[in-house]
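I have placed the structure first, in the form of C-alpha cells, so that the comments after it can refer back to it.
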Amino acid sequence: MPTDSLPPTHLIAGAAAGPTLEGAGSRAQTVLVFDSGLGGLTVLAEVMRARPDARIVYAADDAAFPYGRLSEQELVARVLTVMGRLIALHAPDIVVIACNTASTLVLPHLRAQFTLPFVGTVPAIKPAAIASRTRHISILATPGTVERDYTRDLIKAYADDCLVTLVGSANLAALAEAELAGSPAPDADILAEVEACFVTTPIGRTDTIVLGCTHYPLIRHRIERVAPWPVAYIDPAPAIARRVVQLLGGPLIGHEPDGHVHGTALFTGRTHVPVELARALAARGLPTIVHEPMPLATAAAA
Ligand code: DGL
C-alpha cells in the first residue's frame, strides 16, 4: 500500500455500510450527486447549502474517468448501467447529474428509463451571453461537451449575437483531480489548457468564460492566476441547487443543523484514497468513503 494512501479500514466495501444520518428518521430525503470524478463536488457544495438536512450520496464513476474521452454510445451505456446500480443501492429521491459531458447527452435516456427526477448540469451559455459586454464569450469544456448538438443548440438559442469560442480541454479535468489529491500541476500546464479561451479581435476581447465542466471551478483560482486578463467565470452550480429545491422542496421543517454534514463518497474505481483527498472530501461534508467496484468493461457490457 502506498504510504500516501489511507489504510483499508478507511474504505468500507459495499454501500450497505454507508452512514445513517444522525437524527434522521425515515423522512430524510436522499440526494444522489453523480459525476465521472470529483468535479461534481462543486455542485454538491451548493446542494448541501440548499438542503443541509438531506442524506447525501456523492458518486464518482472514476472507473470510467474521464467521460470526455468516451464515444457517445459508450457514455450512454455506461451512465445507464451505473445509474441503475446506484439507484438500486441508495434509493435516492432525486439525482443530480453534476457532469456536463453526461448531461448534454444522457439526460433523455435517464428520464426514459427511470421514474425519479433528474437534474442536469449543462454549460451556462445563456447567463454568459447576458453578462458579456464585449459579446466575446468562450466555453471551456471537455472535448465531448464542445462536440454535442446540445451545446451548439444552446449557442444558437442564447448567444447568436456573440462571438463564441469553444475550447475542448483534454486534460483540465484530470489536472483538477490532481490538485484536489495534493499534486497541483504547474502553471504552464494550466495555461496550455485555457489560453485558447482568451480571444482578441479588432472589436473587443473575451470578457466571459463559461466553466462548462464541473471540475473547472475546483481550480478556478489557478485559472485566474494564469489568465492573460481578468474575465467573469460562469459556474452553473447555484442554479442547479435552486432546481433541486424546486423539485424536492426546501429543508424539512424542524431540521436542526448540527453543523456537521454526514455524506458518503462512493467511488466505482479507486480502492485507495490519498490522505490529502480524504481530508478534502471530509472538509466538503463527505467523511465516509465507500468503494463500489464497477469496472468499465463489465458495466458497459452489462
Ligand atoms: N466533470 C465532468 C463534466 O462536467 C467531466 C470530466 C470528464 O471528462 O469526465 O463534464
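Please treat every number below as a calculation from the coordinates, not as lab data. A quick note: this is a predicted structure, and the numbers were derived from the prediction, not measured. Here the Cβ positions follow ideal geometry from the backbone for every residue, glycine too, while neighbour counts run over all protein chains shown.
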Open item on the list: Return the equivalent ellipsoid semi-axes of the chain as a descending list in whole Å, where each equals the square root of 5 times an eigenvalue of the C-alpha gyration tensor.
Closed with: 31, 21, 19
Open item on the list: Could you list D161, D53, D153 so that the one with the fewest beta carbons within 10 Å of its beta carbon is first and the one with the most is last?
Closed with: D161, D153, D53
Task: Contour minus Cα-Cα distance for R133 and A283 (0.36 nm per residue) - done: 50.3 nm
- [ ] Treat the count of other C-beta atoms within 10 Å as a stand-in for reagent exposure and order F267, F198, F34 from fewest to most.
- [x] F198, F267, F34
Open item on the list: So, R0 is 51 Å and r is the distance between the beta-carbons of L116 and R205; what FRET efficiency does that work out to, to 0.05?
Closed with: 0.70
- [ ] Would you mind computing, in nm to one decimal, how far apart the modelled labels at T30 and A170 are, each placed 7 Å from Cα along Cα→Cβ?
- [x] 3.9 nm
Open item on the list: Can you show me the helix-derived [θ] at 222 nm for the chain, built from DSSP H runs with n ≥ 4 at -39,500 (n - 2.57) apiece and divided by the number of residues, rounded to the nearest 500.
Closed with: -11000 deg cm²/dmol
TODO: Would you kindly give the portion of the calculated P(r) for the stretch 156-302 that falls above 27 Å, as a percent of all Cα pairs?
DONE: 43 percent
TODO: Would you list the P(r) distribution for the stretch 89-179, with all Cα-Cα distances sorted into 10 Å bins from 0 and each bin expressed as a whole %?
DONE: 15, 40, 31, 13, 1
Task: Distribution of pairwise C-alpha distances over the stretch 126-224, 10 Å bins, in % - done: 16, 47, 30, 7, 0
Open item on the list: Need the full-extension length gain, R225 to R242, defined as separation in residues times 0.36 nm minus the C-alpha distance. One decimal, nm.
Closed with: 3.1 nm
Open item on the list: Using a Förster radius of 25 Å, what is the FRET efficiency between A157 and Q73 based on their Cβ-Cβ separation? Nearest 0.05, please.
Closed with: 0.45
Open item on the list: For the stretch 28-165, take N as its residue count and report Rg(C-alpha) divided by 2.2 N^0.38 Å.
Closed with: 1.10
TODO: Write down Rg/Rh for the stretch 30-76, rounded to two decimals, with Rg from the C-alpha atoms and Rh from the Kirkwood relation over Cα pairs.
DONE: 1.07
- [ ] Please give the peptides 188-195, 39-46 ranked by average Cβ packing (other Cβ atoms within 10 Å per residue), highest first, as a rough proxy for protection.
- [x] 39-46, 188-195
